[in-house]
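Read-outs: derived from the displayed coordinates by stated rules, not from any lab. Bear in mind that the values here come from a model prediction, so they are computed numbers and not experimental data. No Cβ is skipped: glycine too gets one built from the backbone with ideal geometry, and neighbour counts run over all protein chains shown.
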């Protein structure tokens, strides 16, 4: 395609001026030859006419008709002579030759007849015939003047010439011109084609070399011929290819060196990241263990009869521990969302039930802050995970109550213009959020106007958890706010048809108390083991503790039949709580209710625990959450706690 384009352009560039020159020359040749032929035709006709006039002068003078007829007949045989007529001085016809015989001179020279003859291809010309007379003068007078001539009109000669010969000559000249022009164009085209080949071949070689060099073949060289028109270009191209090859080799060497350095840096960074991850995991686990034990001890301490300053100190310690647990729980929630181990249970429920539940939980907090909490009634239904949605709404409400100093916080649910969606809205009359911060408030630990990280203003994780939960459920979270005008957070939900039989929200299964329930606690940390045993004992449970898997197995083999097994995940000696629970169920012969505890937030642990169908409690564990879980496990298993004669603790 490139070859055709270049060749066509070169041929066009060469042929256009040559063709124009040939056309001009052929046109000039044809027009000049036509003019010459026309002049020859006219001069020949005049010459014949003059010849007849001079030859007929004596015959007319003498009245010799035979002589005149002979003259006319001889001229009529000349080429292109159509007819010839002689008239006397009065215009009467004397002799004629040809197909047309005019009777009078006036008829022969009539303009209408002349035009009619012209249309037939015949030109009519005439000339008068006169005799010449010379006056005789005295030769000896010495006069040097030219002799005066006097003419006597004898008659007229009318000659009719046919243009057939002239037209034939014109056609011959036209075809000759066309042949000359065609041959000239062919010759010029052949020369242009040869010239284009001479130019195109080196261009194509250069283009091919450039294409291969562009594909990375820097060893490619174009073949240079000294008589090439592009000799210098091809030489320069070869030099460029050599320099590119040198540059590529040098660049590859540098890239290899940089790659080696980057690999070293990458390995160092990965090693540092792994070390950091191991450190954070270990620090998190080690931090959660004493915090877990501390929370259990404080819960047990709160059950003792304390008064005055002691009760106040216990309350302050409990509040500080609760703040630490909230931070750890928020981080845990983010880890679980990232790991994708948060179970989703989609159901149809009435939105008003969720709003009432949130109102009941947060009304005391709003009252304590001096705010009005309004919940607008609704009859809308939705289809999503009720528990996760409630946590999202609770986080938004906590955020609104925290950043509203006075006024009202409104919780409402409205249908959206699209009939298949509803929207839960949280309005507040707080400080508002400027547009420059609205894109960042859903990021971890981002808080507007809390550079000092004051604990009273939260952790900066609530909105991030809301956004991650919305992504998990496929919901849309919106925000409209302006400084000094408050904020409106919204959650767009799918609408659903009312189902009276549907559960409004997950309801904790009611069950009997834990009095007399035998619990096997497997915990390798002494403080956590002691705190757990004391707490469970205070609830009326019969507690058997074990520090490792061997003690737990020995206790069961000695006749222990626990109704609930609570085991730590890490137990040392390469064993874990999943293995302990599995062996306990094998020895007991039934699926005893059990749960795991761990200070690790490793996503792999969450996934493996979910795979075996166990509930994982992350340390520090809130006593209320543990008690609720134990009740649920016992209720699901169908076991009933039978009263025991005494409650206590037994070490395996």
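Per-structure values
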quantity	calculated
Computed lengthening from residue 257 to residue 28, 0.36 nm per intervening residue step minus Cα-Cα distance	74.7 nm
In nm, spacing of pseudo-spin labels at residue 368 and residue 171 (7 Å Cα→C-beta vector)	12.3 nm
Per-residue Cβ neighbour rank within 10 angstrom, fewest leading, 527, 156	527, 156
Amide N of the stretch 30-62 lying under 14 Å from the label point, which is placed 7 angstrom from the Cα of residue 131 along Cα→Cβ	56-62
Estimated inter-spin distance, residue 307 and residue 77, nm [label 7 Å along Cα→Cβ]	17.5 nm
Euclidean distance of C-alpha centroids, the stretch 16-62 and the stretch 544-610, integer Å	131 Å
Sequence of 630, 65 once ranked by neighbouring C-beta atoms within 10 Å, starting from the fewest	65, 630
